[in-house]
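Structure, as structure tokens:
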Amino acid sequence: MSSETNVKMVLRPHPLAFSGLYILWAYIAGVSLFYILGKDMIVSSASGIPLIGSLVAGAAHLILWGILILIPLTIVAVVKIAWKYFLLGLLIGVVAPALMAYFGWPTYPWLGAVGLATSVLGALFTELHRRAHVYYITDRGIVMEYRGLTKTIRREVLYSQITDIVLEKGLLGKLFGFGNVIPITGSGLGLGADTANVGVAVGGGKGVKGGVIVMGGRGVNVPRARTFLMLYGVPKPEEAYNTIVEAMREAEEAPYLKKILKAIEEKGSV
């Protein structure tokens with residue numbers, strides 16, 4: 001930003017803005033402690049299952065570990081459209097115990113220790129991720145920066161480019177005073193899409209070749225953007241929203257005021 005730019009507000013995401021990820025790491029820590037403290041209970045319970053008890057009892061704790069780790073992380077990956085969470089679940093939920101079993105390494109209690117270490121590192125990186133975001137509301141536009149460990153992203157949106165501004169707060173945001181402020185531009189910044197699809201398939205019966213597939217879909221644009229392309233989870237979002245709206249009005253009025261002043265000066269010089 002130039003020295004002539006007047007910064008009105010500097011914002012970072014609220015500590016609870018990434019609460020979903022903190023809950024995820026707490027869950028993994030809980031599963032790890034349950035694995036360490038409850039392995040014997042898991043094995044004894046599986047041993048009592050008719051027919052299959054004797055087959056899976058020895059690996060019951062590994063099967064349960066994989067289910068409790070992989071399924072939640074897969075759901076998070078789908079919701080956030082970030083497959084790194086699925087890969088993480090695959091790594092610590094399936095690959096790690098498989099490698100330990102293959103090489104004859106003891107999975108108990110070390111597999112639980114791997115889970116605990118993952119949850120601690122996950123919480124640490126989440127906090128670093130939160131602090132890497134910084135937003136500037138200036139008299140010219142909005143500057144959104146992400147200063148991560150591996151990449152830096154900077155986006156400046158001038159008020160003349162903004163066609164709409166959206167304020168949204170969830171339940172947690174209403175309780176603790178934080179929310180999202182999403183600038184929407186004519187180029188589509190700040191917009192995502194919710195889609196619904198319906199399909200009908202008709203296939204041939206026995207001895208009949210061919211078939212018909214009919215697909216239909218509908219999409220709705222909704223305010224949505226990455227955390228570094230909007231003011232994500234900022235404290236006092238109403239104040240940020242009002243500051244942006246007021247700055248947009250000032251930016252819109254400025255050219256007209258300049259024209260009026262210029263006309264007055266030219267008239268006075270005649």
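The values are calculated or read from the model by the stated rules, or taken from the named source; none is laboratory data. The structure presented is a predicted model; accordingly, all values stated were derived computationally and were not measured. A quick note on method: Cβ atoms are made from the backbone with ideal geometry, for glycine too, and the neighbour counts reach across all protein chains shown.
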Matching residues in region 39-95 (in a helix (DSSP H, G or I) and modelled with pLDDT of 80 or more) number 31
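Is region 196-215 home to any residue that is in a strand (DSSP E or B), more than 22 Å from the chain's Cα centre (by Cα) and at pLDDT 60 or above? Write out each step before concluding.
Residues of region 196-215 in a strand (DSSP E or B): 196-203, 211-215.
After this cut, where a residue has to be more than 22 Å from the chain's Cα centre (by Cα) as well, the list is 197-203, 211-215.
Checking the rest, the ones that are also at pLDDT 60 or above come to none.
No.
Of the residues ARG130, ARG154, ARG147, which single one is basic (Lys, Arg) and buried (at least 19 other Cβ atoms within 10 Å of the Cβ)? Explain how you work it out, then say what you get.
Values: ARG154 fails: buried (at least 19 other Cβ atoms within 10 Å of the Cβ); ARG147 fails: buried (at least 19 other Cβ atoms within 10 Å of the Cβ).
Only one candidate qualifies: ARG130.
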Of ALA117, ALA123, ALA113, ALA98, which residue is under 22 Å from VAL78 (Cα atoms), part of a helix (DSSP H, G or I) and not basic (Lys, Arg)? ALA123
Pair list, Cβ < 7 Å and 6+ apart or interchain, from region 79-95 residues that are closer than 12 Å to LEU24 by Cβ to residues that are surrounded by 15 or more Cβ atoms within 10 Å (Cβ to Cβ): TYR85/LEU73; TYR85/VAL76; TYR85/ALA77; LEU88/LEU73; GLY89/ILE69; GLY89/LEU70; GLY89/LEU73; GLY89/THR74
